[in-house]
1. Return yes when Arg113 is free of Cβ contacts under 8 Å to residues at least 60 places away in the same chain and not acidic (Asp, Glu) and no when it is not.
2. Any idea which of (1) in a helix (DSSP H, G or I); (2) without any contact (Cβ under 8 Å) to a residue 24 or more places away in the chain is the one Ala105 doesn't satisfy?
3. What is the one condition in (1) loosely packed, with under 10 Cβ neighbours inside 10 Å; (2) over 40 Å from the mean Cα position of the chain (by Cα); (3) within 25 Å of Glu141 (Cα to Cα) that Pro89 does not satisfy?
4. Could you check segment 36-78 and list, in sequence order, the residues that are open to solvent by less than 60 Å² (accessible area, probe 1.4 Å) and farther than 17 Å from Arg106 by Cα?
5. Quick check: anything in segment 101-114 farther than 20 Å from Arg53 by Cα, open to solvent by less than 60 Å² (accessible area, probe 1.4 Å) and in contact with a Lys or Arg (Cβ under 8 Å, 6 or more places away or on another chain)?
6. Looking at Glu160, Glu172, Glu182, Glu164, which is the one that is over 22 Å from Leu50 (Cα atoms), at pLDDT below 80 and acidic (Asp, Glu)?
Amino acid sequence: MDVGVVIVLVLLLAFFVLGGIATVRTVRAVKRGVERTGAQVRRTVEETTLKARSAQPGPVGEAARIRLELRSSIDSTRAALEAGASADPGLSEAVSLLDQLHEHARRLDGELRLLMEREPDRARLAARLPEARERMRHIKESADALRFAAQDRARQFDDEELAELRGRIDIETGALRHWVSEPAPGAGTSGDGATGRSSTSSPSSSSSSASSSRQRSAQPELGPSGQQLDPSLTDPTADRRRSAQPFGKRPPRSAS
């Protein structure tokens with residue numbers, strides 16, 4: 001009985017421990033999802049506000065345009081690198097470099113945001129814009145270089161794979177058409193081939209006709225004019241000429 005109670009208690013304790021671990025993990029996952037969703041919502045609202053302010057003239061509109069251009073370059077480069085890193089491990093180093101570049105972009109974006117929201121002196125904001133634009137240009141050029149290199153790398157690999165695939169397909173199609181023999185050198189079209197066959201067959205036919213004519217000339221002709229037949233078979237008066245011999249003297253009879 002005591003052993004059974006201990007087993008039940010152990011099972012209950014394990015159940016509560018596993019349930020607590022699962023609950024903590026679920027809460028953390030929900031919290032991360034809420035934070036991620038909140039960050040996306042805040043980013044969407046902020047970008048919408050920046051787009052509205054970028055249409056304004058003056059230093060505020062200029063600062064908004066700088067921030068939008070910076071965010072667009074970083075986001076497009078990250079999307080290109082992360083999409084290619086799943087199939088190409090060589091882009092992992094580029095992703096880590098982009099993360100470091102993103103930190104500089106965040107600092108510049110934060111400085112411009114504070115100047116737009118907290119700085120009442122528009123002249124000071126206008127004085128800071130040239131330096132901010134120069135930093136943005138450097139960051140944007142670096143991000144664009146990473147994105148362009150990733151695009152060129154993907155295109156080069158795709159071209160090489162396509163060329164290799166075409167070569168394999170050519171080999172396979174040749175193997176599937178194994179019954180097709182290559183034409184002999186100097187062979188013409190079908191019409192020429194027919195002419196060639198007729199021309200090649202002419203000597204043999206002429207030779208065969210010549211041999212047959214020689215055989216016919218060697219053999220006696222079958223007919224009344226050529227064959228040595230009995231004249232009686234061809235001339236009805238031959239019997240009468242043979243029977244009507246001229247009268248002459250009969251030979252004398254022997255005494256015996």
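1. In short, yes.
2. Among (1) in a helix (DSSP H, G or I); (2) without any contact (Cβ under 8 Å) to a residue 24 or more places away in the chain, the lone unmet condition for Ala105 is (2).
3. Of (1) loosely packed, with under 10 Cβ neighbours inside 10 Å; (2) over 40 Å from the mean Cα position of the chain (by Cα); (3) within 25 Å of Glu141 (Cα to Cα), only one is false for Pro89: (2).
4. Answer for segment 36-78, where residues must be open to solvent by less than 60 Å² (accessible area, probe 1.4 Å) and farther than 17 Å from Arg106 by Cα: Gly38, Ser54, Gly58, Pro59, Val60, Gly61, Glu62.
5. yes
6. On inspection, the qualifying residue turns out to be Glu182.
The values are calculated or read from the model by the stated rules, or taken from the named source; none is laboratory data. This one's a predicted model, so the numbers in the text were calculated from it and none came from an experiment. Note that we place each Cβ from the backbone using ideal geometry, even for glycine, and neighbour counts take in every protein chain shown. The accessibility values were calculated without ligands, DNA or RNA, using every heavy atom of the protein model including side chains. Shrake-Rupley method; radii C 1.70, N 1.55, O 1.52, S 1.80 Å.
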